[in-house]
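Have a look at the structure below before the remarks.
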Amino acid sequence: MRRCLQLASNGVFSAAPNPLVGAVIVCNDLIVGEGFHTAFGKNHAEIEAFNNVKDKSLLQQSTLYVNLEPCSHHGKTPPCVEAILKQGIPRVVIANIDPFPKVRGNGISILKENGVEVIEGVLAEEAAFLNRRFFHFHKNQKPYVILKWAESQDGFMDARRNGEQGINWISGPEAKKLVHTWRASEQSILVGSQTALNDNPSLTVREVSGKNPLRIVIDRNLVVPNDSKIFSNESETIVVNDKLSKTNDTIEWVKFDFSENVIDQLLSLLFERNIISIIVEGGARTLVHFIDEDKWDEARVITGNIFLEQGLSAPELKYFPVLLEKSGSDTIRYFYRT
């Protein structure tokens, strides 16, 4: 099962909105086939594993290990339970039940009804953490929210600006590359209008190989200039505002009711569009709104090796970090709520 999780993680940049799934086929204590789900619409992990078995006669005496319950419905691909039964697999070991409503225990039931021995719950916690975005999305009907910011040693996330624009870098090049890896792992990314004005960010994955996330800017009064980098054709951009709704090439303006809860409207919009995760990169006011409304699931705080002495104070979290790691001269704290 640990090997399943290793394989599953290979799909982190391309599988969404599908889950991360790995499959391993074992016969007489030897791995005879393995695979993982590479991308939405492609073969599921079980099918990839079957295809990689050279001697198909071994399948009728093999155990299939898979970290998520095999699907039982027709989607982009046929049901995996049908393939498992067709291959004559006698035993299946599973980590987690699939929370997707069209599966949710049906795959396991079909296997058992057809005489397949099913063992559940192996490394369930580790597997659930790997697929925390997918699980959260289907259980709560809203995307998994990750907050991210960088702050100085003395707790400021930006220097005093005095009207000037441009990024005031707090973290080093290693952390910058890591942030781009994080972006490539999520389906969408959000900033407020002030961050778009001050930093003129591209919100792309320039430092790594991967797909640019859907960009979202909360710009109530449409103050962000049309020539800003966030409007480049490198990725699609949604502009949340209270003026208009229209689409032009890769840019979509979506009108919200700002007298109502904007974050709730945003998360509902993303759920409707099957976007399972969003990373919020600022600014401070936007981050604080998510924190104050308890609308976040994970936070990643980079502490750079500098002191600013004065400036924009970083948000505060009333939680203890679960994990600490070093990235060059910077320290990263990870906070998890789910």
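The values are calculated or read from the model by the stated rules, or taken from the named source; none is laboratory data. Just so we're clear, the structure is a prediction, and the values are computed from it rather than from any experiment. Positions of Cβ are backbone-derived with ideal geometry, glycine not excepted, and every protein chain shown enters the neighbour counts. Ligands, DNA and RNA are excluded from the accessible area calculation, which covers all protein heavy atoms including side chains. Shrake-Rupley method; radii C 1.70, N 1.55, O 1.52, S 1.80 Å.
Apply the Karplus curve 6.51 cos²θ - 1.76 cosθ + 1.60, θ = phi - 60°, to the phi angles in the stretch 184-199 and return the couplings in whole Hz, x for Gly and Pro.
Those phi angles translate into 5, 8, 10, 8, 8, 9, 10, 9, x, 5, 5, 5, 4, 6, 5, 9 Hz.
At 1.4 Å probe size, with no ligands or nucleic acids counted, give the accessible surface of His74 in Å², nearest ten.
Spelled out: His74, probe radius 1.4 Å, area about 130 Å².
When the label point is put 7 Å from the Cα of Glu260 along its Cα-to-beta-carbon vector, which residues of the stretch 277-304 have a backbone N closer than 16 Å?
So the set is empty, nothing qualifies.
Under 4 °C and 1.567 mPa s, how fast does the stretch 156-301 diffuse according to Stokes-Einstein, given a Kirkwood radius computed over C-alpha pairs? Answer in µm²/s, whole number.
Numbers: Rh = 15.8 Å.
In µm²/s, the coefficient is 82.
Around Asp154, which amide H atoms from residues at least 5 apart in sequence, or from another chain, sit under 5 Å from its own amide H, with H modelled in the peptide plane?
Close amide H contacts, sequence-distant or interchain: Leu308, Glu309.
Tell me the mean residue ellipticity at 222 nm calculated for the chain from its helices only (DSSP H runs of n ≥ 4, each -39500 (n - 2.57), averaged over every residue, nearest 500). Kindly include the intermediate steps, with their values, before the conclusion.
Details: 10 runs with 86 residues, N = 338.
That calculation yields -7000 deg cm²/dmol at 222 nm.
Extent of the stretch 49-177 along each principal axis, from alpha carbon coordinates, in Å, largest to smallest?
71, 34, 27
Which percent of Cα-Cα pairs in the stretch 86-157 sits in each 5 Å bin, short to long?
3, 13, 17, 17, 13, 10, 8, 5, 4, 3, 3, 3, 0
Of all alpha-carbon pairs in the chain, indicate the percentage at a distance above 34 angstrom. Please report the intermediate quantities before stating the final value.
Numbers: 18833 of 56953 pairs.
In whole percent, the long-distance tail amounts to 33.
If the elastic network links every pair of Cα atoms under 10 Å, which of Pro225, Pro79, Pro90 fluctuates the most in the Gaussian network model of the chain?
Of Pro225, Pro79, Pro90, the Gaussian network model singles out Pro225 as fluctuating most.
How big is the Cα convex hull of the stretch 1-89 in projection, averaged over all directions, in nm²?
Values: hull surface 20.4 nm².
Value for the stretch 1-89: 5.1 nm².
Sorting Ile189, Ile47 by accessible area (1.4 Å probe), largest first, what list results? Can you show the working numbers first?
Working: Ile189 0, Ile47 40 Å².
Of Ile189, Ile47, the descending order of accessible area is Ile47, Ile189.
Please list Glu82, Glu34, Glu113 in order of solvent-accessible area, largest first, computed with a 1.4 Å probe with all protein chains present.
Working: Glu82 100, Glu34 55, Glu113 145 Å².
Solvent-accessible surface, decreasing: Glu113, Glu82, Glu34.
Quick one: how many Å² of Arg220 are accessible to a 1.4 Å probe, rounded to 10?
For Arg220, solvent-accessible area is about 110 Å².
Just reorder Lys211, Lys56 by solvent-accessible area, largest first, 1.4 Å probe, all chains present. Each step should come with its number before you reach the end.
Numbers: Lys211 150, Lys56 90 Å².
Result, largest first: Lys211, Lys56.
Provide the per-residue ³J(HN,Hα) series for the stretch 143-158, in order, calculated from phi with Karplus coefficients 6.51, -1.76, 1.60 and θ = phi - 60°, each as a whole number of Hz, with x at glycine and proline positions.
Once rounded to whole Hz, the list reads x, 6, 9, 10, 9, 9, 7, 10, 9, 7, 4, 9, x, 10, 9, 7.
Taking the stretch 40-123 as the region of interest, what is the percent of Cα-Cα pairs per 5 angstrom bin, listed from the shortest bin to the one with the maximum distance?
The percentages, shortest bin first, are 3, 15, 28, 28, 18, 7, 1, 0.
What list of whole percents do you get for P(r) of the stretch 241-326, with Cα-Cα distances grouped in 10 Å bins up to the one holding the largest distance?
12, 37, 31, 17, 3
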